[in-house]
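Undergrad: Before we start, here is the structure in question, set down as structure tokens.
The values are calculated or read from the model by the stated rules, or taken from the named source; none is laboratory data. The structure displayed is predicted, hence computed values, not measured ones. Don't worry about glycine lacking a Cβ; one is built from the backbone with ideal geometry, like all the others, and counts go over all protein chains shown. Heavy atoms of the whole protein, side chains included, go into the accessibility calculation; ligands, DNA and RNA do not. Shrake-Rupley method; radii C 1.70, N 1.55, O 1.52, S 1.80 Å.
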Amino acid sequence: MAEPGDQTSIRSRGRPNRRQAAGAIEAATIIAGVERRIPTYDLLSEVSLQTIEDAAELILEEIGIEFREDHESLDLWRGAGADVVGELVRFPKGLLRSILKSAPSMFVQHARNPARSLKIGGSHVVFAPAYGSPFVRDLDGGRRYGTLADFENFVKLAYSIPWLHHSGGTVCEPVDIPVNKRHLDMVAAHLRYSDKPFMGSVTSAERAEDSIEMTSIVFGRDFIDQNCVILGNINANSPLVFDATMTGALKVYARANQGTVIVPFILGGAMGPVTTPGAIAQSLAETMAGCALTQLVRPGAPTIFGNFLSSTDLRTGSPTFGTPEPALGSLVVGQLARRLNLPIRCSGAFTSSKVADAQALNESAVSMLAAVQCGANFILHSAGWLEGGLTMGYEKLILDADFCSALHTYVTGLSIDPNQMALDAFREVGPGKHFFGCAHTIANYRTAFWESEISDNNSFEQWRDAGEQDALTRANARWKKLLAEYKKPPLDPAVDEALAEFCAQKKSERADQWY
């Protein structure tokens, strides 16, 4: 694996010296996650939490969950003591909690650059870009289908932005590549154009196996057998169904000791009830079942307790994002996951807006703050999400990443020490004078306040004379500058060649499929 070299490593800190080069932190700077130093917001009482947990247990025991077209998983459940009738599995009260005791409360996802490896769990917070959009959007080209070039651009941008600790997964769908082959190009792009941790394919067991095989080329088989180097995002087919595609990929990742993120997809009124507490109980039941299945496959395999609650416009059936009810749900899910002692994935920069406008940033801020305050450890969709996840936005990625930068300061809280109390400054300045030139200000001005890379805080006249640029225009210039200045991280040429040969061989073995 590549060595960190002479890059600056900032591990689990939220307030680095960002006044370098007129306020911008260098792309080479490494921020390997941020450590939360503010308390989580515990919304519900013990009695209320127990009520939701009891409801989830009732759903599991009385109604059950279907595991479709997956005889192996049904056999695993049967052997664990569940009641299996056809594809329907009912779980005796307490069974899943007992199984989940083998799951780690925290694990490390290793990057090919060791300085970028991430702790997931505990007080650690990881920001990752949005995932799964078939469309992309920018100010120049508008909305269009994503291509492999777009995918590679987003990988390069996530690599260049220190506030995004993780490279993500399907940062957009490269629809110009056949469906059954694009996973090879996507995983190769993450390994080639970034040295941050990343996510692999889950759209079939075979593609999951290819993803893991490609990591073994970089990390070595012995290393990945004992260490997590890749994550798979596994969705329940809510309500109360896991299909064979998802459980097949889940088993591949778990069997290889690689991480899984188990996530129900619940839109209130569609795939779950309209009442938030009921949807939370459903989410708890589905997620516990998915996480427990990983432990039946391989006890101790890393798994993340995921959550995706959203609301629906009941007049039109359209999903809505960034609304208050799912934000409250995230706070409760955080409490429930901590009681299971599992790492948490929750929320993201969600919005229904089609463009990066005021609606988008308002909704995204609500969702992101809920994620941070609920105690989420892995925040997928932290940057770029538009149109309910259908579109990945270039400018939106930049604006969201800037908010992630601010959150680095927010989650680290306040330190109470002699320097922070500034009593010497009061003694020097006295009544009625300003603090600009005092010794305390001079000593702290580089790190005193967070500074945006996008916002314009100049006077009206300065802003006017500079062209009256709005935030979208500034974000457009920012992503273009990052791509122009992008420098590929080192990768052993022999490893690069082996990856290319693996992809070429796999592609030659199968005919193109476009669906």
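Undergrad: What is the dipole size for the chain, taken about its Cα centre, with +1 at each Lys and Arg Cβ and -1 at each Asp and Glu Cβ, in debye to the nearest 20?
TA: Numbers: 48 positive and 59 negative charges, 194 e Å.
Dipole of the chain, to the nearest 20 debye: 940 debye.
Undergrad: Would you kindly calculate the translational diffusion coefficient of the chain, applying Stokes-Einstein with the Kirkwood radius from alpha carbon pairs, for 10 °C and a viscosity of 1.306 mPa s, and quote it in µm² s⁻¹ without decimals? Display every interim value, and only then the final one.
TA: Details: Rh = 23.7 Å.
Here the translational diffusion coefficient equals 67 µm²/s.
Undergrad: To continue, here is another question. Please report, as a whole percent, how much of the solvent-accessible surface of the chain comes from carbon and sulfur atoms (probe radius 1.4 Å).
TA: Values: 11520 of 21050 Å².
Here carbon and sulfur together make up 55 percent of the probe-accessible area.
Undergrad: Considering all projection directions equally, how large on average is the shadow of the alpha-carbon convex hull of the range 417-515, in square nanometres?
TA: Numbers: hull surface 59.4 nm².
For the Cα atoms of the range 417-515, the hull's average projected area reads 14.8 nm².
Undergrad: Please sort through the DSSP H helices of the chain and keep those with an alpha-carbon extent of at least 15 Å along the long axis and a Kyte-Doolittle average not below -0.5. All intermediate terms of the calculation are to be shown ahead of the outcome.
TA: Working: long enough: 46-58 (18 Å, 0.07); 148-160 (18 Å, 0.35); 182-193 (16 Å, -0.24); 205-219 (21 Å, 0.05); 244-255 (16 Å, 0.32); 276-297 (32 Å, 0.80); 324-340 (25 Å, 0.38); 358-374 (24 Å, 0.81); 394-411 (25 Å, 0.41); 471-485 (21 Å, -0.45); 493-508 (22 Å, -0.23).
Taking the DSSP H segments of the chain (at least 15 Å long, mean hydropathy at least -0.5), we get 46-58, 148-160, 182-193, 205-219, 244-255, 276-297, 324-340, 358-374, 394-411, 471-485, 493-508.
Undergrad: Moving on. Express in nm, to one decimal, how much length is gained between ASN444 and LYS488 on full extension, taking 0.36 nm for each residue of separation and deducting their alpha carbon distance. Spell out each step's value before the answer.
TA: Numbers: separation 44, 0.36 × 44 = 15.84 nm, distance 3.41 nm.
Stretched fully, the ASN444-LYS488 segment lengthens by 12.4 nm.
Undergrad: Once both labels are modelled 7 Å past Cα along the beta-carbon direction, what's the LEU423-ALA358 spacing in nm?
TA: Distance between label points: 4.6 nm.
Undergrad: Just the number, please: percent antiparallel of the DSSP beta bridges in the chain, rounded to the nearest 5. Walk me through the numbers before you get to the answer.
TA: Details: 19 of 46 bridges.
Of the beta bridges lying entirely in the chain, close to 40 percent run antiparallel.
Undergrad: Hey, what D do you get for the range 34-146 in µm²/s if you plug the Kirkwood alpha-carbon radius into Stokes-Einstein at 37 °C and 0.692 mPa s?
TA: On the way: Rh = 18.8 Å.
Estimated via Stokes-Einstein, D reaches 174 µm²/s.
Undergrad: What does the accessible area per residue of the range 404-515 come to in Å², with a 1.4 Å probe and no ligands, DNA or RNA counted? Spell out each step's value before the answer.
TA: Numbers: 7830 Å² over 112 residues.
Ligands and nucleic acids excluded, the figure is 70 Å² per residue.
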